[in-house]
Amino acid sequence: MTTCDQKDLFTYVLRLGDSGLVLGQRLSEWVGKAPMLEEEMALANMALDMVGQARNFLSYAGEVEGRGRGEDALAMHRDVGSFSNLLLVEQPNRDFAYTMVRQYFYASFAERLFEQLQHSADSRLAGIAAKAVKECRYHARHSGLWLVRLGDGTEESHQRVARALEDLWPYTGELFEMDEVDRRLLEAGVAADVQAMRTEWREALNQVLVEARLPLPSDEIWMHSGGRIGRHSEHLGHLLATMQILPRSYPDANW
Amino acid sequence: MYTQGLDQADTAAPSPEEEVQLRDAFQARIDAEEKIEPRDWMPEDYRRTLVRQISQHAHSEIVGMLPEGNWLTRAPSLKRKAILLAKVQDEAGHGLYLYSAAETLGTSRQEMLDQLLSGKAKYSSIFNYPTLNWADIGAIGWLVDGAAIMNQIPLCRCSYGPYSRAMVRVCKEESFHQRQGYEIMTVMARGTDEQRQMAQDALNRWWWPSLMMFGPSDGDSAHTAQSMAWKIKRFTNDELRQKFVDVTVPQAHFLGLEIPDPDLALDEETGHWCFGEIDWQEFKQVLSGNGPCNAERLGARRSAHEEGSWVRQALLAHADKQRERSSAHEAA
Ligand SMILES: [Fe+2]
Ligand SMILES: [Fe+2]
């Protein structure tokens with residue numbers, strides 16, 4: 001047991017769960033639409049990993065909160081304003097290039113985040129992170145490979161992946177944000193220092209982009225923010241409407 | 001992969017006398033329950049029959065992901081979403097092993113896919129029906145995967161080695177799917193009134209199409225006798241259908257659900273459930289492309305293929321560039 005504010009811990013774990021859930025939901029939209037059978041499997045597999053991580057984080061968040069809300073109560077019975085996922089993961093799939101760039105951005109970040117959280121003073125968090133880190137490492141490798149193939153592929157694939165990089169780049173600033181909750185939990189040895197990971201994340205991205213013959217986007221541009229405090233893009237409401245339809249329509253039912 | 005069968009097609013064809021001897025020896029091996037392997041001599045019609053059957057099976061796995069994919073983003077709990085994701089991932093895996101098994105007979109995955117997309121190749125008629133409520137996902141697992149198991153368990157002993165080995169792995173996963181589907185139905189059948197209605201509605205719509213999965217009745221089945229002799233088939237369509245009905249009817253009753261067949265009755269003497277006549281007109285129409293979702297399913301496969309074409313081209317272009325660079329590097 002750690003000595004930290006339980007409200008802080010709830011917020012922190014919920015954010016991790018929400019990002020996993022929303023990304024898992026996005027990836028599952030690909031089923032039946034992938035460019036080849038091998039990717040059909042890889043996308044479903046990544047979706048499954050993300051939903052699995054979300055379930056672990058959300059159940060734990062529910063326990064920390066102590067008001068009897070389980071993973072499904074948290075996933076299915078909250079509205080846009082209560083979701084605290086990163087803006088990056090709610091961005092639509094658009095095409096395979098967007099999906100792979102989004103996946104690389106998130107997975108390469110989450111891999112580093114969970115590497116640290118494995119050693120969190122909160123043993124539950126550490127346990128969840130230890131499993132998730134392997135999954136995110138694989139996702140980063142898989143999507144990174146695709147960035148290279150697409151960047152160094154045809155004229156069309158190069159243009160598509162370049163555009164995805166450019167469009168999704170403004171959502172990467174939020175990955176490394178830390179507010180009071182993060183700082184207090186960092187001090188308690190519970191949270192990870194994401195700010196300190198930015199350089200390494202950039203360096204890893206740069207290596208991929210060199211191989212992909214793509215330029216590294218500039219940090220001098222405006223970065224979007226707000227997902228972690230419930231201020232989202234228009235896309236999230238539609239995603240939730242689809243995901244929550246059954247439990248919302250039949251609130252008394254168990255499934 | 002490189003297909004060994006392709007090399008074989010180039011070797012000189014045997015003379016008619018040799019052919020007779022080869023066929024006799026081949027049949028003797030099958031009668032002795034030996035497995036036929038890709039490099040072994042086999043009659044051309046054996047090869048063709050297998051390619052047709054295995055590729056149809058592979059296509060069914062792939063098209064079968066669509067009706068389930070329809071509920072993936074709306075699964076009512078995270079646990080159900082995870083289970084369904086794992087299931088569709090398994091089905092894609094089944095498609096992959098099966099295409100690989102068919103490739104050992106000298107037909108490439110590309111050729112098979114082209115036949116699917118052009119509408120020439122068939123896939124299981126069941127996937128041309130819509131999934132309209134969540135209980136349909138339960139009904140598919142219970143009935144469709146259940147019927148698939150009935151069909152496939154005997155194929156684990158099929159005379160063609162690569163197919164029989166693929167089937168062993170596939171069957172294990174299918175029985176897992178069947179149990180998960182039945183579990184969804186159990187929860188729905190014991191849930192609220194609305195859930196119970198969904199469960200009954202799903203059974204009403206999926207029952208007859210599931211019986212059709214076993215194919216035409218024995219009198220009308222063109223390939224049965226030869227396929228049985230070759231041990232590609234071990235039981236007739238009607239035998240398997242009866243087995244399925246006998247296993248499934250008590251499962252429905254256990255859930256308190258009603259099978260939508262007024263003629264259904266237990267024959268006390270034989271212990272078999274007698275059932276009504278299948279609407280063969282509907283079966284024919286669905287097979288020939290006029291089912292409720294034929295156009296949609298094929299359209300979905302085509303648009304995935306077309307929209308993914310730039311990705312596949314990029315993959316090839318990148319591989320070419322890599323090769324050029326490494327040979328330029330070696331030359332330097
Ligand atoms: Fe399957
Ligand atoms: Fe299955």
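Taking into account only those residues within the range B:162-171 that are within 16 Å of ligand 2 (Cβ to nearest atom) and surrounded by 15 or more Cβ atoms within 10 Å (Cβ to Cβ), which is farthest from B:G276 (Cα to Cα)? Residue satisfying both the conditions and the ranking: B:A166.
Given B:D145, B:D201, which one is more than 14 Å from every other protein chain (Cβ to nearest Cβ), among the acidic types (D, E) and either away from ligand 2 (no atom under 11 Å from the Cβ) or not in a helix (DSSP H, G or I) (or both)? Going through B:D145, B:D201 in turn, just one is more than 14 Å from every other protein chain (Cβ to nearest Cβ), among the acidic types (D, E) and either away from ligand 2 (no atom under 11 Å from the Cβ) or not in a helix (DSSP H, G or I) (or both): B:D201. If I filter the range B:73-90 for residues that are touching an Asp or Glu at 6+ places or on another chain (Cβ under 7 Å), away from ligand 1 (no atom under 11 Å from the Cβ) and part of a loop (DSSP other than H, G, I, E, B), do I get at least one hit? Scanning the range B:73-90 turns up at least one residue that is touching an Asp or Glu at 6+ places or on another chain (Cβ under 7 Å), away from ligand 1 (no atom under 11 Å from the Cβ) and part of a loop (DSSP other than H, G, I, E, B).
Every residue, every condition in (1) within 19 Å of B:F254 (Cβ to Cβ); (2) touching a Gly at 6+ places or on another chain (Cβ under 8 Å); (3) free of Cβ contacts under 8 Å to residues at least 40 places away in the same chain; (4) surrounded by 16 or more Cβ atoms within 10 Å (Cβ to Cβ), yes or no:
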{"position": "B:G191", "(1), (2), (3), (4)": "yes, no, yes, yes"}
{"position": "B:E194", "(1), (2), (3), (4)": "no, no, yes, no"}
{"position": "B:Q197", "(1), (2), (3), (4)": "yes, no, yes, no"}
{"position": "B:M213", "(1), (2), (3), (4)": "no, no, no, yes"}
{"position": "B:R234", "(1), (2), (3), (4)": "no, no, no, yes"}
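In summary, B:S125 fulfils each of the numbered conditions (1) without any contact (Cβ under 8 Å) to a residue 60 or more places away in the chain; (2) away from ligand 1 (no atom under 13 Å from the Cβ); (3) in contact with a Leu (Cβ under 6 Å, 6 or more places away or on another chain) with the single exception of condition (1). The single condition among (1) closer than 18 Å to B:L85 by Cα; (2) open to solvent by 40 Å² or more (accessible area, probe 1.4 Å); (3) part of a loop (DSSP other than H, G, I, E, B); (4) of a type outside the set (K, R) that A:G68 does not satisfy is (1).
Quick check on this structure: which one of A:L214, A:L240, A:L175 is part of a loop (DSSP other than H, G, I, E, B), among the aliphatic types (A, V, I, L, M) and surrounded by 13 or more Cβ atoms within 10 Å (Cβ to Cβ)? Working first, answer last.
Numbers: A:L240 fails: part of a loop (DSSP other than H, G, I, E, B); A:L175 fails: part of a loop (DSSP other than H, G, I, E, B).
Step by step, each of A:L214, A:L240, A:L175 is checked, and only A:L214 is part of a loop (DSSP other than H, G, I, E, B), among the aliphatic types (A, V, I, L, M) and surrounded by 13 or more Cβ atoms within 10 Å (Cβ to Cβ).
Against the conditions (1) more than 7 Å from chain B (Cβ to nearest Cβ); (2) surrounded by 20 or more Cβ atoms within 10 Å (Cβ to Cβ); (3) without any contact (Cβ under 8 Å) to a residue 60 or more places away in the chain, A:A54 satisfies every one except (1).
When B:S118, B:S159 are checked against the criterion of being open to solvent by less than 10 Å² (accessible area, probe 1.4 Å), more than 14 Å from chain A (Cβ to nearest Cβ), more than 24 Å from B:E258 (Cα to Cα) and away from ligand 1 (no atom under 16 Å from the Cβ), a single residue qualifies: B:S159. When each of B:S60, B:S100 is tested for being at pLDDT 95 or above, within 13 Å of ligand 1 (Cβ to nearest atom) and part of a helix (DSSP H, G or I), the lone residue that passes is B:S60. For the range A:110-122, which positions are assigned to a helix (DSSP H, G or I) and open to solvent by 10 Å² or more (accessible area, probe 1.4 Å)? A:E111, A:R112, A:E115, A:Q116 - these are the residues of the range A:110-122 that are assigned to a helix (DSSP H, G or I) and open to solvent by 10 Å² or more (accessible area, probe 1.4 Å). When B:R323, B:R302 are checked against the criterion of being open to solvent by 80 Å² or more (accessible area, probe 1.4 Å), in contact (Cβ under 8 Å) with a residue 12 or more places away in the chain, of a type in the set (K, R) and more than 8 Å from every other protein chain (Cβ to nearest Cβ), B:R302 stands alone in meeting it.
For the range B:172-192, a residue qualifies if it is more than 10 Å from ligand 2 (Cβ to nearest atom), assigned to a helix (DSSP H, G or I) and either in contact with a helix residue (DSSP H, G or I) (Cβ under 9 Å, 6 or more places away or on another chain) or over 18 Å from B:V88 (Cα atoms) (or both), and the qualifying residues are B:R179, B:Y182, B:E183, B:I184, B:M185, B:T186, B:V187, B:M188, B:A189. Residues that are of a type outside the set (A, V, I, L, M, F, W, C) and open to solvent by 10 Å² or more (accessible area, probe 1.4 Å) within the range A:123-152 comprise A:S123, A:R124, A:G127, A:K131, A:K134, A:E135, A:R137, A:Y138, A:R141, A:H142, A:R149, listed in sequence order. Yes or no: the range B:35-52 includes at least one residue that is open to solvent by 10 Å² or more (accessible area, probe 1.4 Å), within 16 Å of ligand 1 (Cβ to nearest atom), assigned to a helix (DSSP H, G or I) and not aromatic (F, W, Y). No, the conditions are met nowhere in the range B:35-52.
The values are calculated or read from the model by the stated rules, or taken from the named source; none is laboratory data. Nothing here was measured: the structure is a model prediction, and the numbers come from that model. As a convention, Cβ positions derive from the backbone with ideal geometry for all residues, glycine included, and neighbour counts pool all protein chains shown. When the accessible area is computed, the model is the full protein with side chains, heavy atoms only, and any ligands, DNA or RNA have been set aside. Shrake-Rupley method; radii C 1.70, N 1.55, O 1.52, S 1.80 Å.
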